[in-house]
Structure formats: structure tokens, C-alpha cells
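Take a look at the structure below.
What follows draws every value from the coordinates through simple rules; no lab data is involved. None of these values were measured; they are calculated from a predicted model. With ideal geometry, Cβ positions are generated from the backbone for all residues, glycine too; neighbour counts draw on all protein chains shown.
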Amino acid sequence: MNTGIRAKNIILPKVEDLQKFSVIACDQFTSESEYWEELEKFVGDSPSALKLVYPEIYLEKDTENTIKNINANMKKYAEDGVFYQLEEGLILTVRSTPFVKRRIGIVAAVDLEEYDFKVGKKPLVRATEGTIEERIPPRVRIRKDAIMEFPHIMVLFDDKEKTIAEELYEKRDFLKKVYDFTLNMGGGKIEGYFIKDYKPVLEKFDRLLDSKVLIEKYGTDDKFQFAVGDGNHSLATAKTHWENVKKGLTEEEIKTHPARYCLAEFVNIYDEGIYFEPIFRFVDGVDKKDFIEKLDKVKGNFEIFDGENTIKKQADLSLPQTIRNLDAFIKEYLDENGGKIDYVHGEENLKKLVKDSEKAVGIFLPKMDKGELFRYVSQSGALPRKTFSMGEGVEKRYYLEGSYIVK
């Protein structure tokens, strides 16, 4: 049976201070430079994943040199023995955050041959939101000469009966603990357990593709195994890079090449630690009065915040359609008038950003029901970009586990 998940030889940092090595996903806090400045000071000269990734807040700054430094740091870390490699297997992760007591995940690899982000495709592993292909080339340039990856991707699976990750958690005392520490910058605490006997786990994932189960869930025998929850553009980058790599490989080499398998954390959508939060729109550099007057004509369910007052908009529309209407208006307005958009987690964060700027407007959106995600994507395809976030910014995946992507 084809399946979207594989075991892999995972690498872990062999450093004195894991707290300084492990840092949050590069696509977080993109309007909050103070977060990254504080993190840089904390890390200092210590070996850190911060020196192996490209925080998106800096994407417009000295791109070529930054990419060269990232790839050089990877090689140096590998040569200096900063990492050690586990046997082929999986890692059970147990995370607590300021908002949830426990979130259980399984670090494994996505088979990129079973994933596609193109519109209209129905692979085993699917994007949950629209992919902006212009965002992929800069990331591919980083991956092109990289020897390893440290992904922040989180992939969801639909296991309402909680037969996979939760059962592993109950047996964690029989597994080898490979890390246990407090994450920096208020990210909570994380533990990891190595799963050497991984085949029974993968067999349970295969059962998610049983025709009777799929028809009961989604009303159709749609072979839909995994949905990308976080890091869709990172996975799309890995896919694009793999398509480039495999052009020069034989059929046999394609089966085992490490670039075919991209690490991710697999999480049950029904895990108690998974909750969906809305992603708000922060528009800056605009004529506030003019923007709000024109935005008032857009149909949807959202709230406009001008720094002092909130204007509520209501319409008989679904959340995806609301976001499509809203984002289309924002793009057209910014194209004509200038300004910029950012995507913000948390009501207080958005309010602070709007209050700090005389030319900013905030847009609040409602929350999506996580139980509807798989059925919606199965029936209607990907959601608009930035429809939901899994939790708050500090709860996002931290870089820790890695893998080699070259022979």
C-alpha cells in the first residue's frame, strides 16, 4: 500500500545547551523584531538552529550572503560533530506550552512522492491552504546546497479514536528518552522518545486509508491520509527541490534518495493540545480612513480595528469565502495605494501593532472548527492561505530534529 509517512535516520544536536540550539519556526513573529533580537542575544555564539534557518522577518536583507552562511554553518556543524544520528525510526514528542498541558506528536518523514501542493491534485498528503508559488524560489535556493534539513512542518492526521500517538504516549516509559528540556522564549517544555520498533506504528497509519473508514468520515473513498497544518510552503519547497533532484537519478536511486523524504511532526487533529486560532490581518502604511471606508463594502464576517474602535461586519458567508473576499480586496488596495500586509496571531498582539502605527488597520477573523478541516479539504480542496493557525505563536514547532538530505 502507498503511504505518505516513512521512518528516517533522524539526527539530533549533541550540545551542552539544547535550550540555545532549539529555536522557533522561522515564519513566526514576522512583525516583531524585538523577539528575534532577544533570541539572538540569548543564543550568542552557541551552536544553534538559529544559524541554520532564515527567519522571515529578515528575508529582504542580504539574502545571498545569508544563504551562503546557512549552508556553511550546516557543513561546519556536521564536521565539528555537533550532531549524532539515530537508527532508522521515529520520535515521539511531548510538548507543553503556556496554553496547553500536553501535545503529542510523532516525528517522521513525509514521502514527497505522495504529496502535491498543486490545485486540483488529490494526493495522500495535501495542502490545507493555497500555496503562493512566488514564495518558493528563495527557499529552494537555501535547500539547493543544504546538506540537512530542520523543518518546522506539522502534519495532521484524522484519528478520532486516538489509536496511534496517544497509545504510544501511554507506553513512553518503555521507550528511550532522547531529550527533555525547557524551550527558550516562553515556548514551554518538550520531551522526546525514540521509537525503534516503528513498523507497527506505520501499519496503524495505513489503516487510516481503509475504504470503509474514509467513506464514513468524508462520504467518499477519497485516499486522504494527511493534511499539512503548519509549514505548507516549507513542504512545497522540499517537494520542488526533490523534483529538481530526481531528474538526474535512476529509478532505483529515486526509491531511496534522502531528499525524497522530508521530516515533519505528525499530530492527531483530535489531540487535546491542538486547537485552531484565527489568523488576523495587519495592514500598515495606508490612509486609515480611506482604507476602512472601502473595506466596509467588502462582504464577510470580520471585525475592523482602527486603534480605538471596532467595527463589526456580518454576512451569510462561510469563513473561507470571507477570507477570499477580504484578501482580494487587500491585495487590490495595496497594489493601487502602497502599504503592506502581515499575518498576526493573538488579539493583543494585533491591537498593539495597530495602536503603535498611525497608518495601520487590524482585521479580526472568526475561528475555524478543527473537526471540519479534513472533510472540507476532501470535498472542496485547499482553504485560502492563512485561514487558521494551530495555537498561538509561541506554541509553534521549534527546530530540533533534523535529517540529511544528500547522499
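What residues qualify as long-range amide H neighbours of TYR270, i.e. H under 5 Å apart, gap of 5 or more or another chain, H built at 1.01 Å from N?
Residues meeting the criterion, in which the H sits 1.01 Å from N, are ASP159.
What are the ³J(HN,Hα) couplings of the stretch 66-79, residue after residue, when phi is run through the Karplus curve with 6.51, -1.76, 1.60 and θ = phi - 60°? Round to Hz, x for glycine and proline.
So the Karplus estimates, Gly and Pro as x, are 4, 4, 4, 5, 4, 5, 5, 5, 4, 5, 5, 4, 5, 5 Hz.
When a/c is below 1.5 the answer is rounded, else prolate if a/b is larger than b/c, else oblate, so apply that to the stretch 280-364 with a ≥ b ≥ c taken from the square roots of the Cα gyration tensor eigenvalues.
oblate
What is the spin-label model distance, in nm, from GLU251 to PHE99 if the labels are put 7 Å beyond Cα along the C-beta direction?
In this crude label model, GLU251 to PHE99 measures out at 4.8 nm.
Would you mind pulling out the separation of the Cα centroids of the stretch 145-218 and the stretch 271-341, in Å?
35
Kindly flag which residue pairs out of LYS8/LYS370; LYS101/LYS217; LYS121/LYS331; LYS75/LYS355; LYS41/LYS355 have an alpha-carbon separation exceeding 32 Å in this structure.
Check vs 32 Å cut-off fails for LYS75/LYS355.
Charges at C-beta only: +1 for Lys and Arg, -1 for Asp and Glu. How large is the resulting dipole of the stretch 65-224 about its Cα centre, in Debye rounded to 20?
Magnitude of the dipole: close to 560 debye.
In whole percent, what relative contact order does the stretch 280-364 give with Cα contacts below 8 Å and a gap of six or more residues?
It rounds to 52 percent for the stretch 280-364.
Any chance you could tell me what percent of the C-alpha pair distances in the stretch 206-303 go past 22 Å?
In whole percent, the long-distance tail amounts to 63.
Under 37 °C and 0.692 mPa s, how fast does the stretch 1-102 diffuse according to Stokes-Einstein, given a Kirkwood radius computed over C-alpha pairs? Answer in µm²/s, whole number.
For these conditions, the coefficient is 206 µm²/s.
Suppose a student asked you for the relative contact order of the chain, using Cα pairs under 8 Å spaced at least 6 residues apart; what percent would you report? Mind dumping the intermediate values first?
Numbers: 795 pairs, mean separation 101.6, N = 407.
Computed value for the chain: 25 percent relative contact order.
Which one, LEU353, PHE282, ILE323, projects farthest toward the positive side of the charge dipole computed for the stretch 282-360 from Cβ point charges (K/R +1, D/E -1)?
Of the candidates, ILE323 comes out farthest on the positive side.
What number, in nm² with one decimal, is the all-direction average of the projected area of the convex hull of the alpha-carbon atoms of the stretch 341-392?
Seen from a random direction, the Cα hull of the stretch 341-392 projects 4.2 nm² on average.
Which value, in Å to one decimal place, does the Kirkwood hydrodynamic radius take for the chain when every pair of different Cα atoms is included? Walk me through the numbers on the way to the answer.
On the way: mean 1/r = 0.0451 Å⁻¹.
After inverting the pairwise mean of 1/r, the radius is 22.2 Å.
Quote the charge dipole size of the chain about the Cα centre in Debye, to the nearest 20; the model charges only the Cβ of Lys and Arg (+1) and of Asp and Glu (-1).
640
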